[in-house]
Amino acid sequence: MRDPYEVLGVDRKASAADIKSAYRRLAKKLHPDANKNDPKAATRFAELNAANELLGDEDKRKAFDRGEIDAEGKPRFQGFQGFGGGAGRGGGSGFGADGGFESFSFGPEGFTRTTRRGRGGGGGGFGGFEDILREAFGGAARGGRSTFEPEDFGVGADVHAELSVSLTDAANGVMQRLRLPTGKDVDVKIPAGITSGQQIRLRGQGMAGQGGAGDVLITVNIAPHPVFTLDGADVRLDLPITLYEAALGAKVRVPTLDKPVEITVPAWTSSGRTFRLKGKGFPAKSGRGDLLATVRVALPEKSDPDLDALMKRWRTEKPYDPRKDM
């Protein structure tokens, strides 16, 4: 993936507010619903969500700036710092400055370093080599040869990953490809109605072991939508209408998580009035929620002399106070 700062078009010194603003602006521009004829729209939108997920998280952003993780949030390998060229306590060369051995393991928290002190005697060689073999294979080293019991080899480790999906994909279900921290690509079936924080388990797709492979545990996050907002199983949106639609009434097209529908806005509809569309919300165990469309009257982008004159005449001849009860 490209540099997340480049994806969002912000400077590395950008504030959290700048990042949030850039994401919202680009989300409206790049959302697949607004680019239905562009086959690459979904890819660009997914890249945008991934960049926002990394830079929008203070800890992840700091780790990225320090070079500890890459643009996909995967740990960068920093090198085996423990393999120095120092001499062991017995006079021979060892792995560490004191003949110790440093092992590295990879897990959900990134790379973990474990230091084991060398047991070097009077001769040259690596101190504590029996411990090294025992740690690596679970057996004991005797006389230069290693013996290992079959039951010492357990099931491979689980692999943890995160996946960001759009609200519409979470509502309707989708098949999405994910690259795991191991470098392996897997196809993940996102079931309709999944919520943020839920996990998907892919059995046997994790790290291999003598007793079988571990699982892949994928935590799903729903990316913010430029139009819709989740409220439990209900979905809310602001529906802009013109001044003449509010005054005279009109049939207005309303987007939903599935396909647009048309509602009738009665004459003399004020801003703030909410229309409920039954069963057009988010799927849930108790049934699909509703879509709540709140009307917002939008004036023309530019001033109009005729409208200005009409409003001045109304102000003089037909004044009213919408705030009289406040």
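Confirm whether ASP18 is more than 28 Å from GLY183 (Cα to Cα), modelled with pLDDT of 85 or more, outside any helix (DSSP H, G or I) and more than 14 Å from the chain's Cα centre (by Cα).
Values: more than 28 Å from GLY183 (Cα to Cα): yes; modelled with pLDDT of 85 or more: yes; outside any helix (DSSP H, G or I): no; more than 14 Å from the chain's Cα centre (by Cα): yes.
When the stated conditions are applied, ASP18 does not pass them.
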(request) For the range 220-271, enumerate the residues that are within 21 Å of GLY289 (Cβ to Cβ) and small (Gly, Ala, Ser). (result) ALA223, GLY232, ALA233
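Among the residues that make up the range 300-317, is at least one of them farther than 30 Å from ASN172 by Cα and among the aromatic types (Phe, Trp, Tyr)? Lay out the reasoning, then the answer.
Taking the range 300-317 as the starting set, the residues that turn out to be farther than 30 Å from ASN172 by Cα are 300-317.
Filter once more, so that each one left must be among the aromatic types (Phe, Trp, Tyr): 314.
Checked against the condition, which is being farther than 30 Å from ASN172 by Cα and among the aromatic types (Phe, Trp, Tyr), the range 300-317 yields at least one hit.
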(request) Would you be able to tell me the number of residues in the range 255-282 that are open to solvent by less than 30 Å² (accessible area, probe 1.4 Å) and either in contact (Cβ under 8 Å) with a residue 60 or more places away in the chain or under 17 Å from LEU230 (Cβ atoms) (or both)? (result) 5
(request) Please enumerate the residues belonging to the range 164-181 that are under 21 Å from LEU54 (Cα atoms) and either open to solvent by 70 Å² or more (accessible area, probe 1.4 Å) or of a type in the set (D, E, K, R) (or both). (result) ASP169, ARG177, ARG179
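Please work out if PHE104 is farther than 21 Å from ALA170 by Cα, in contact with a strand residue (DSSP E or B) (Cβ under 7 Å, 6 or more places away or on another chain), modelled with pLDDT under 80 and open to solvent by 80 Å² or more (accessible area, probe 1.4 Å).
Numbers: farther than 21 Å from ALA170 by Cα: yes; in contact with a strand residue (DSSP E or B) (Cβ under 7 Å, 6 or more places away or on another chain): yes; modelled with pLDDT under 80: yes; open to solvent by 80 Å² or more (accessible area, probe 1.4 Å): no.
No, not satisfied.
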(message) I'm trying to understand the selection: among the residues of the range 293-304, which are farther than 25 Å from THR264 by Cβ and open to solvent by 100 Å² or more (accessible area, probe 1.4 Å)?
(response) GLU301, LYS302
(request) Output the number of the condition that ASP290 fails; it satisfies all remaining conditions of (1) farther than 30 Å from SER21 by Cα; (2) within 27 Å of the chain's Cα centre (by Cα). (result) (1)
(message) Condition first: under 26 Å from ASP290 (Cα atoms) and either outside any strand (DSSP E or B) or open to solvent by less than 60 Å² (accessible area, probe 1.4 Å) (or both). Now tell me which residues in the range 182-199 satisfy that.
(response) ILE190, PRO191, ALA192, GLY193, ILE194, THR195, SER196, GLY197, GLN198
(message) in contact with an Asp or Glu (Cβ under 7 Å, 6 or more places away or on another chain) and either modelled with pLDDT of 95 or more or open to solvent by 60 Å² or more (accessible area, probe 1.4 Å) (or both): is that true of VAL235 in this structure?
(response) no
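Just checking, how many residues over the range 177-199 are hydrophobic (A, V, I, L, M, F, W, C) and in contact with a Pro (Cβ under 8 Å, 6 or more places away or on another chain)? Spell out the reasoning first.
Just the residues of the range 177-199 that are hydrophobic (A, V, I, L, M, F, W, C), to begin with: 178, 180, 186, 188, 190, 192, 194.
Going one step further and asking which of them are in contact with a Pro (Cβ under 8 Å, 6 or more places away or on another chain), we end up with 192.
Of the residues in the range 177-199, 1 are hydrophobic (A, V, I, L, M, F, W, C) and in contact with a Pro (Cβ under 8 Å, 6 or more places away or on another chain).
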(request) Scan the range 5-27 and report the pairs whose first residue is under 18 Å from PHE64 (Cα atoms) and open to solvent by 20 Å² or more (accessible area, probe 1.4 Å) and whose second residue is at pLDDT 90 or above and not in a helix (DSSP H, G or I), with Cβ atoms within less than 6 Å and a gap of 6+ or a chain change. (result) ASP18/VAL10
(message) Cβ-Cβ distance below 6 Å, separation of 6 or more or different chains: which pairs start in the range 292-314 with a residue that is touching a residue at least 40 places away in the same chain (Cβ under 8 Å) and end on one that is surrounded by 10 or more Cβ atoms within 10 Å (Cβ to Cβ) and of a type in the set (Phe, Trp, Tyr)?
(response) ALA293/PHE275
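The values are calculated or read from the model by the stated rules, or taken from the named source; none is laboratory data. Only a predicted model underlies this, so the values are computations on that prediction, with no experimental measurement involved. Counting neighbours? That spans all protein chains shown, and the Cβs are built from the backbone with ideal geometry, glycine included. Protein only, heavy atoms only, side chains kept; ligands, DNA and RNA dropped before computing areas. Shrake-Rupley method; radii C 1.70, N 1.55, O 1.52, S 1.80 Å.
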